[in-house]
Amino acid sequence: MSTPTIGVLALQGDVREHLVALAAADAVARPVRRPEELAEVDGLVIPGGESTTMSKLAVAFGMLQPLRERVRAGMPVYGTCAGMIMLADKILDGREDQETLGGIDMIVRRNAFGRQNESFEASIEMDGIEGGPVEGVFIRAPWVESTGARTEVLATYDGHTVAVRQANVLATSFHPELTGDHRVHGLFVEMVRAAQS
Ligand SMILES: NC(=O)CC[C@H](N)C(=O)O
């Protein structure tokens, strides 16, 4: 089977770390800033960063509609932290003009853990990840306040949902790209492969 090409949305955020993690998980990884670049990838990662800035830049770069269309058409997408927020159908505590791509029938609360604790790490058992828990790095992280019937909850922490999947769309509140453990990226690469075949 051919190696999938996976883009990392490179408007803002920890793009480089995701490129490294995807390459380690056997994908061809490249930054995506323009609609032409988006058209060439089999899947996309939306990195951590600041979702309000990412939303503004997506509008400024003419990427909002192309991104929405590809997500709606079933392109596999994985969002971490700010990326999770971008994939939520609805945001709580967002900025008034903040846009999302949608893709997961969930309500996400921005900076939810951030209010309690700016940044922390925790062991997270995640469905679909073999070989023990992943180290969850949470940085001003959102949590998932509620999910629809089609959304699968893959992990919780302290009673809050922190990893979800709906069809080809995966999202985590935490940042596996910062840990050197590439199993979650491996799961996403498999999702992209499965969508190709
Ligand atoms: N580490 C992160 O991606 C933080 C997300 C940020 N709090 C936001 O609202 O976008």
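The values are calculated or read from the model by the stated rules, or taken from the named source; none is laboratory data. Fair warning: this is a prediction, and the values are worked out from it, not measured in the lab. Heads up, the Cβs are rebuilt from the backbone with ideal geometry, glycines too, and the neighbour counts pull from every protein chain shown. Heads up: the accessible areas ignore ligands, DNA and RNA and are worked out on the full protein's heavy atoms, side chains in. Shrake-Rupley method; radii C 1.70, N 1.55, O 1.52, S 1.80 Å.
Seen from all sides and averaged, what is the projected area of the convex hull of the Cα atoms in the range 11-50, in nm²?
So the Cα hull casts an average projection of 2.7 nm².
Shape verdict for the range 1-86, please, from the Cα gyration tensor: rounded (a/c under 1.5), prolate (a/b greater than b/c) or oblate.
oblate
At a threshold of 8 angstrom on Cα-Cα distance, excluding pairs fewer than six apart, so keeping six or more, what relative contact order does the chain reach in percent?
21 percent
Can you give me the Cα centroid spacing of the range 123-197 and the range 33-101 in angstrom?
Going from one Cα centre to the other spans 17 Å.
With the calculation restricted to Cα positions, what are the radius of gyration and Dmax of the chain in angstrom?
In Å, with Rg to one decimal and Dmax whole: 15.0, 45.
Rounded, prolate or oblate for the range 131-189? Axes are the square roots of the Cα gyration tensor eigenvalues, ordered a ≥ b ≥ c, and the cut-off for rounded is a/c under 1.5.
The shape class here is oblate.
Given a 1.4 angstrom probe, what's the average accessible area per residue across the range 1-70, in square angstrom?
44 Å²
Take each complete run of DSSP H in the chain, measure how far its Cα atoms stretch along the helix's own axis, and keep only those covering 18 Å or more with mean Kyte-Doolittle hydropathy at least -1.0; list them.
Passing helices, by number: 183-196.
Cβ under 13 Å from ALA122's Cβ, ALA122 left aside: what net charge do those residues give with Lys, Arg +1 and Asp, Glu -1?
With Lys, Arg at +1 and Asp, Glu at -1, the net is -4.
Quick one, can you get me the convex hull of the C-alpha atoms of the range 91-179 expressed as volume per residue in Å³?
Cα-based convex hull of the range 91-179, divided per residue, equals 104 Å³.
May I ask you to list the residues of the range 140-166 whose amide nitrogen lies under 13 Å from a point 7 Å from Cα along the Cα→beta-carbon direction of ASP127?
Once the point is set 7 Å along Cα→Cβ of ASP127, 147-156, 161-166 turn out to lie under 13 Å by backbone N, inside the range 140-166.
Where in the range 1-42 are there GluC sites (Glu not before Pro) that are in a DSSP coil and have at most 15 other Cβ atoms within 10 angstrom of their Cβ?
Loop-located and lightly packed - GLU40.
To the nearest 0.05, what FRET efficiency results for ALA39 and SER146 with a Förster distance of 41 Å applied to their C-beta separation?
So the FRET efficiency works out to roughly 0.75.
By its C-alpha gyration tensor, with a ≥ b ≥ c as the square roots of the eigenvalues, how is the range 93-142 shaped: rounded for a/c under 1.5, else prolate for a/b larger than b/c, else oblate?
Oblate, because a/c is 1.5 or more while a/b does not exceed b/c.
Based solely on its DSSP helices, what 222 nm [θ] is calculated for the chain when runs of n ≥ 4 H residues each add -39,500 (n - 2.57) and the sum is averaged over all residues, nearest 500 deg cm²/dmol?
Roughly -8000 deg cm²/dmol at 222 nm, from the helical runs in the chain.
How many percent of the accessible area of the range 1-136 is carbon or sulfur, using a 1.4 Å probe?
C and S fraction of accessible area: 44 percent.
Arranged from highest to lowest average of other beta-carbon atoms within 10 Å per residue, in what order do the peptides 125-137, 176-188 appear?
Most protected by this proxy first, the peptides run 176-188, 125-137.
What accessible surface, in Å², does a 1.4 Å probe find on ASP89, ignoring ligands, DNA and RNA and rounding to the nearest 10?
Roughly 90 Å² of ASP89 is accessible to a 1.4 Å probe.
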